[in-house]
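**Q** Dropping a structure here in C-alpha cells format, bear with me for questions.
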Amino acid sequence: MKLTLDNPVTVAAPFGDRFAHVARLDVGGGALLVLSGQISVDDRGEVYAPGDIAAQTERIFEIVGGLLAAHGAGFGDVLHIRTFMTDLDDLPGYGAARRRLFPGTPPASTTVEVSRLFLAGALLEVEVTAAALRGRGQEHSAGEGVDAAQCVGEPVVPGHPLDQRRGLVDGDAGGGDVQRLRS
C-alpha cells in the first residue's frame, strides 16, 4: 500500500497550507481517494455566490471534479458524499444540483446540519470518497502532471495568492510508502 497526500496544481491550494485536498491510498488494482471538505470559493479564496445554494453546490462539485480528475477518477467513481449544511431547508436546491451529476443510482450519502462553516457565507461543505480503478483508462498516479483541460473548473493562475504549489516529499509510515506535501 502507498499513501499520498496531495494538492493537485489544477485546483487552488488549501487555505494556509493547513491540510491536503486528497488522501490517496493505492491498493491492489486501484486507489481509494478521500477528499477534504470543499466549500464554494473562487480563485481568490472568497465565498462564491453567497446565499445561493445551487450556485455554491455547482462550484463545489467543479472543485471536486478537478480533484478527482487529477487522480484519474470521475463522478462515476464516487462511493460516498458527506455534506454539512448550515440550513437543511436548502436541501431541495442542493439535491437538484447534485442529481444532475449523479443521474443514476446515487452514491452513499450523509447530510447533516451544522451551526456554521469555516468561512462566513458558505452554505455547505462537501467531502467525497471515491475509488479510482485501474484498467478503465484511469492509469494516472499521484504526482504526475495533469492537463488542466482534463479537469472541471479553472486552474490556479501562477503567482495567484492561492497558488501555493508544493512538491512531494517521500517518507515511511510504518511499513508503507507515504508522500507528504512540502510547503
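The values are calculated or read from the model by the stated rules, or taken from the named source; none is laboratory data. These numbers were taken from a predicted model, which means no experiment stands behind them. Because the Cβ atoms are built from the backbone with ideal geometry, glycine has one as well, and the counts that use them run over all protein chains shown.
**Q** Any idea how many residues of the stretch 66-97 are more than 20 Å from residue 117 (Cα to Cα) and under 15 Å from the mean Cα position of the chain (by Cα)?
**A** The qualifying residues number 15.
**Q** Report, by residue number, each residue of the stretch 61-100 that is surrounded by 16 or more Cβ atoms within 10 Å (Cβ to Cβ) and in contact with a Phe, Trp or Tyr (Cβ under 9 Å, 6 or more places away or on another chain).
**A** Selection gives 61, 64, 65, 68, 75, 78, 81, 83, 85, 97, 98.
**Q** Under the condition of being of a type in the set (Asp, Glu), modelled with pLDDT of 50 or more and surrounded by fewer than 17 Cβ atoms within 10 Å (Cβ to Cβ), which residue from the stretch 111-154 is nearest to the chain's Cα centre (by Cα)?
**A** Kept after step one, since they are of a type in the set (Asp, Glu), are these residues of the stretch 111-154: 113, 125, 127, 139, 144, 147, 154.
Pick out the ones that are also modelled with pLDDT of 50 or more and you get 113, 125, 127.
Right, trim to surrounded by fewer than 17 Cβ atoms within 10 Å (Cβ to Cβ) and you get 113, 127.
Numbers: 113: 20, 127: 7 Å.
Looking at residues that are of a type in the set (Asp, Glu), modelled with pLDDT of 50 or more and surrounded by fewer than 17 Cβ atoms within 10 Å (Cβ to Cβ), I get 127.
**Q** Right, here's the next one. Every residue in the stretch 101-110 that is in contact with a His (Cβ under 9 Å, 6 or more places away or on another chain) and either surrounded by 12 or more Cβ atoms within 10 Å (Cβ to Cβ) or part of a helix (DSSP H, G or I) (or both), please. Working first, answer last.
**A** Pass one, the stretch 101-110, residues in contact with a His (Cβ under 9 Å, 6 or more places away or on another chain): 107-110.
The answer is 107, 109.
**Q** Looking only at the stretch 7-20, decide whether some residue is part of a strand (DSSP E or B) and either modelled with pLDDT of 95 or more or over 20 Å from residue 121 (Cβ atoms) (or both).
**A** Initially, the stretch 7-20 is screened for residues part of a strand (DSSP E or B), giving none.
No, that holds for no residue.
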